[in-house]
Each structure stands twice: as structure tokens, then as C-alpha cells.
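One structure is given here, and the rest of the page talks about it.
The values are calculated or read from the model by the stated rules, or taken from the named source; none is laboratory data. All values reported here derive from a predicted model rather than from experimental measurement. When we count neighbours, we look across all protein chains shown, and the Cβ atoms used for this are built from the backbone with ideal geometry, even at glycine. Remember, those area values only see protein heavy atoms, side chains included, never the ligands or the DNA or RNA. Shrake-Rupley method; radii C 1.70, N 1.55, O 1.52, S 1.80 Å.
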Amino acid sequence: MKHEQQVTRRQFLRTAGKAATALAAMSAPHFIPASARGALAPSNRVNLAMIGTGNQGFQDMKAFLAEADAQIVAVCDVNRGSGGYRNVSQFCGREPAKKLVEETYAERRRAGTFRGCDAYADFRDVLARRDVDAVAIVVPDHWHSVMTILAARAGKDIYCEKPLSYTLAEGRAMVEAARAAGVVVQTGSHQRSRPLTRFGCELVRNGRIGQLKRIETRIGTWNRHGPPGEWSPMPVPDGFDYDTWIGPAPWEPYHKDRCLYTFRFMKDYSGGQTTNLGAHAFDMAQWGNNSEHTGPVEIEDDGSEWPTAGLFNVAKIVKFRARYANGVELICRTDTDSDPDRTVAQCRFIGTEGWIEMGAEGFFAEPESLKTSIIGANEIHLGTSTNHMRNFLDCVKTRTEPAAPIEIGHRSATICHLANIAMWLKRKLRWDPVAEQFIGDDAANRLLSRANRAPWAV
Ligand SMILES: NC(=O)c1ccc[n+]([C@@H]2O[C@H](COP(=O)([O-])OP(=O)(O)OC[C@H]3O[C@@H](n4cnc5c(N)ncnc54)[C@H](O)[C@@H]3O)[C@@H](O)[C@H]2O)c1
């Protein structure tokens, strides 16, 4: 019964999606003519649930709220509502998220086309709702795989934030679960929907810099510092389900710097800036290098630095080098001169006839004339998406592959994981991207997975 109901909603959305696409083609961008309103009737909207309404959860939620054919019907967070996120001005969690959704849809509510947004503490209650078509998973990395796999099994389409996985084995299991369920998955690698990034990768793929030799990536420094040396546990705040926040990770006593936003600096939940910002930088590298369905064959530490005490225990200075089968070298450095509060994730492609650099810091090229180069009709084009959420919603309706599909998200996250393992072990590792195993290194292979804390084995 549940499956039938989902198929019926999906067929409905698909038909509405085709009608909306045809109408959009006849009208100016972002303008929806009155005649299209039928396609935006409540039954034709994509019913969305936000799982994780923290720092990025609010950003993603606002982007979905701006899309007329999406409707957020549920929000979920283990935090009822508090400060303590990335910026002092942020007050996040499920109650503030519900409030924002209901304020934004006040007009729809008055018109009787929106019944309100429910707030949940347990994501399984969201997955059990038949009327939810898709979920956005915007929780710390150590939760991505469990939620994605269970959401796929529940038949939900998924927008999952980057880095796609916490370990390589999780990433592969996520890909398989999504394929088995036939659900659409968009990885939150939003630079795939940035025209300038795409243009830069198209220039590289079409040989404008000659033969590609080297890719230099640069990522930001730590932008937070936890308690140094010995630290004492703190009482868990009221309204925060800490045990569920820990979820599949090993249990440790609560400290405020462990959880909100700063989880990215502890190995149990994330991989530091290697995975946080590296997920963006290496994704661009993979795109331009046409290696997005594979990966490097060799990777080694190149002078990374790790803390020796304190709560935060991920690489503080990231430095590694890798080599692809086509001979292209990939290197990564922490940009110690960058402003810690800027999201630095740059990628420079160096070829025999020039270079191109892209990322949030800007778009640069040598020679400069590359910036005005035209990609011809018969050359390689890398898609058309200009809005990552819009692209996801369109793909939900048309059942097509989004701009950052799960396999590509997995391969980009893989580089983050390989890099952390190589920097941690401080030795050169040989990688088989087909078998997804290190060659002749059992100790390194053991770091490709982790057993989940009960009851979170999936
Ligand atoms: N695409 C981007 O540019 C971008 C930018 C920032 C963060 N991110 C990604 O978004 C994810 C979240 O990062 P953030 O900065 O928003 O972290 P955050 O700590 O600010 O927010 C995460 C939220 O998830 C909640 N949460 C944790 N476990 C939960 C569970 N089991 N069920 C429900 N809610 C749970 C937390 O309480 C918190 O409110 C990370 O994977 C991060 O890499 C992506």
C-alpha cells in the first residue's frame, strides 16, 4: 500500500514536472505565469523534509523555501532550538526551523494549500510519513550514511550534504542502497551548479590549457579551536538529545565544542578541513580531470601536521600529493594565510599551455584570454544546472540524474578519506579505484570502514 501510494505520487509529480518544464521554456527565467499554477497545486509540489536544521540546514532550507513547487512539510533535529552554531547570530534547531517554514508559507496556509510543518526529534518518524517525497540530510558527516540508506529504503529522494560519506565503505553502501531503491540523490556539491566552475572544467576538458599535468588544490585553515589539553565533560543542555547526536559514533562525554558546527574537527564525526573544504576542492579536480567515476592510484603524505593534545584531533595542516593513472598529479595544501572565516576551496588546473583556477576565491586564468573562450557546440559540455536545489527538484519530477549524482559524490569524498588515511599513516599508499582497496596494505584498508555503535548498523 505504501509503495503504491509513493509510485502514484511520483507519477503525478513526473507529469506535473513535464508540464512545468514546457511552461518554463516559454516564459522568462524565474517567472511563473498564472497559467502554470495548476502545476503548482499542492498535490504537484514536492513534499520535502529537512533532517538537520543547523548552520547549513538553514541555508539549504531557505533555498528550498524559495522554490514555488517545493513544500517543506516536516523538519527534524535532535536540538529543539539554541545558539552555539557557526555564528553568534544563528539560533537553529527544529523549533526555529518550523517557525521559519510556517512564516514563509503563511499565505499558502491562509489559502488552505498548506497544513503546517511538523517538527520531529527522530528522523525515523519523518521517513515513516507517506506524504514525504524527498528529504534533505544536513546533519554531521557521521550520520549521512545511516540516514541516506534508510531514506532510500523508504523510497525517498535525497539531497545529502557533502562530504557524502564518513568512510569509504559507507559511501559505497550509500550508492548501492540508492541504486537498489531507484531514488534520486543529489550531493550538496553546489559548485556543480555554478556556471563559472563548469566553464572552467569545460575549458580544461576541451584542451584549452594543453595537456593537463597537475592540479593544485588549496583549502582553508581551522576556523575554530577546541579546548586545548585536558578538558572536562559538561552537562547536556536541556532540549538536546545528545545520545542520538552521537548516534553511530563511539560514545564520549558531552562537551559543547564536540557538537554544533565544530564536530568537523574531531575524527569520530568528520575528517577536518580535508573532508569539509576538500570535498569541494577535490570535486572540482575530479570534474576537470574527467576522473569523476574513478580516483587516484597513489597518494602520500607531504608534511601534514596533527594536534598532539586537546579535543580537536584532525589534521591541522593538510599536505598531500596523489597521482592519477593518466599521470596527472593532484596536490593539496592548507592556505595558512587565508582568513579562517572564509570558505577557501580553490582548484588550479595546470597544463602545458596555461592554467585555470576556480573556487569561492574567484576565477583566474593564464593566459587571461581563456576567460572569454567560447565552448563550441561540438565540444564537451558539462551540464546546464545553475541552481542546485532547482536541479534536484527537477530531477525528482523527471526521474533523471542530477548535477552531482551519488556515485560522483562518493568518488569525491573518497579522495578526502584516502588523503586523511595517507596523512595519518605518513606513508605512500597505492590505491585500486576499481576494487576500492589499498594495494598490499592491510592496516590502511582497515581504516576504510568503521563499525557503527548499536543500534545503528544498517
Ligand atoms: N555545501 C556546503 O557548502 C556546506 C556548508 C556547510 C556545511 N555543509 C555540510 O552540512 C552538514 C551539516 O553541517 P553544519 O555546519 O550545518 O553543522 P551543524 O552542527 O551546524 O548542524 C547540524 C545539525 O544536525 C543536527 N543533528 C545531528 N544529529 C542529528 C540526528 N540524528 N537527527 C536530526 N538532527 C541531527 C544537529 O543538532 C545540528 O542542528 C555537514 O555534513 C557539512 O559538511 C555543507
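Among the residues here, Asp241 qualifies as assigned by TED's automatic domain parsing to the domain that holds Phe199 and touching a residue at least 24 places away in the same chain (Cβ under 8 Å).
Contact map, the range 430-453: residues that are in contact (Cβ under 8 Å) with a residue 60 or more places away in the chain paired with residues that are open to solvent by less than 60 Å² (accessible area, probe 1.4 Å) and among the acidic types (Asp, Glu), Cβ distance under 6 Å, separation 6+ or inter-chain. Pairs shown: Arg430/Glu298. The set of residues from the range 336-354 being open to solvent by 60 Å² or more (accessible area, probe 1.4 Å) and in contact with a Gly (Cβ under 6 Å, 6 or more places away or on another chain) comprises Thr352, Glu353. Pull out all pairs, ordered by first then second residue, where Cβ-Cβ is under 9 Å, the residues are six or more apart or on different chains, the first lies in the range 84-100 and is closer than 17 Å to Pro237 by Cα, and the second is open to solvent by 90 Å² or more (accessible area, probe 1.4 Å). Filtered contacts from the range 84-100: Gly84/Lys256; Tyr85/Phe91; Gly93/Arg80; Arg94/Arg80; Glu95/Arg80.
Exactly one residue out of Asp131, Asp122 is within 11 Å of the ligand (Cβ to nearest atom), outside the structural domain of Val236 (by TED's automatic domain parsing), over 28 Å from Asn223 (Cα atoms) and surrounded by fewer than 24 Cβ atoms within 10 Å (Cβ to Cβ): that is Asp122. When His280 is tested against (1) in contact with a strand residue (DSSP E or B) (Cβ under 6 Å, 6 or more places away or on another chain); (2) more than 16 Å from the ligand (Cβ to nearest atom); (3) not aliphatic (A, V, I, L, M), exactly one condition is not met: (2). Take the residues in the range 62-82 that are in contact with a strand residue (DSSP E or B) (Cβ under 9 Å, 6 or more places away or on another chain) and in a helix (DSSP H, G or I); name whichever of them is surrounded by the most Cβ atoms within 10 Å (Cβ to Cβ). Here the answer is Phe64.
Quick check on Ala249: is it in a loop (DSSP other than H, G, I, E, B), in contact (Cβ under 8 Å) with a residue 24 or more places away in the chain and either within 12 Å of the ligand (Cβ to nearest atom) or not assigned by TED's automatic domain parsing to the domain that holds Glu329 (or both)? Taking the combined requirement at face value, the residue satisfies it. Within the range 355-391, if we keep just the residues that are in the same structural domain as Ala285 (by TED's automatic domain parsing) and buried (at least 18 other Cβ atoms within 10 Å of the Cβ), the residue that is nearest to Arg342 (Cα to Cα) turns out to be Gly359.
Could you grab me the full set of residues in the range 134-150 that are assigned to a helix (DSSP H, G or I) and within 12 Å of the ligand (Cβ to nearest atom)? Can you show your working first?
Step one: filter the range 134-150 for residues assigned to a helix (DSSP H, G or I), giving 141-150.
Those that are assigned to a helix (DSSP H, G or I) and within 12 Å of the ligand (Cβ to nearest atom): Asp141, His142, Trp143, His144, Ser145, Val146, Met147, Thr148, Leu150.
When Ala404, Ala419 are checked against the criterion of being touching a strand residue (DSSP E or B) at 6+ places or on another chain (Cβ under 7 Å) and farther than 25 Å from Lys156 by Cα, a single residue qualifies: Ala419. Checked across the range 157-174, the condition of being more than 15 Å from the ligand (Cβ to nearest atom), part of a loop (DSSP other than H, G, I, E, B) and open to solvent by 40 Å² or more (accessible area, probe 1.4 Å) holds for no residue.
Checked against the criterion of being more than 16 Å from the ligand (Cβ to nearest atom), more than 23 Å from the chain's Cα centre (by Cα) and at pLDDT 95 or above, the candidates Glu67, Glu102 yield just one match: Glu102. Selection of strands (runs of 3 or more DSSP E) fully inside the range 298-406 by the criterion of at least 2 residues being among the aliphatic types (A, V, I, L, M) returns 329-334, 345-351, 354-359. Evaluate the following for Arg264: is it within 16 Å of the ligand (Cβ to nearest atom), in contact with a Gly (Cβ under 8 Å, 6 or more places away or on another chain) and more than 30 Å from Lys371 (Cβ to Cβ)? Yes, satisfied. Only one of the listed residues (Trp287, Trp306) is buried (at least 24 other Cβ atoms within 10 Å of the Cβ) and within 30 Å of Ser449 (Cβ to Cβ). That residue is Trp287.
The set of residues in the range 252-285 that are among the small types (Gly, Ala, Ser) and in a helix (DSSP H, G or I) comprises Gly278, Ala279, Ala281, Ala285. For the range 199-217, the set of residues classified as open to solvent by 20 Å² or more (accessible area, probe 1.4 Å) and of a type outside the set (Gly, Ala, Ser) consists of Phe199, Arg205, Asn206, Arg208, Gln211, Leu212, Lys213, Arg214, Glu216, listed by residue number.
Tallying residues that are touching a residue at least 40 places away in the same chain (Cβ under 8 Å) and over 21 Å from the mean Cα position of the chain (by Cα) within the range 123-150 yields 4.
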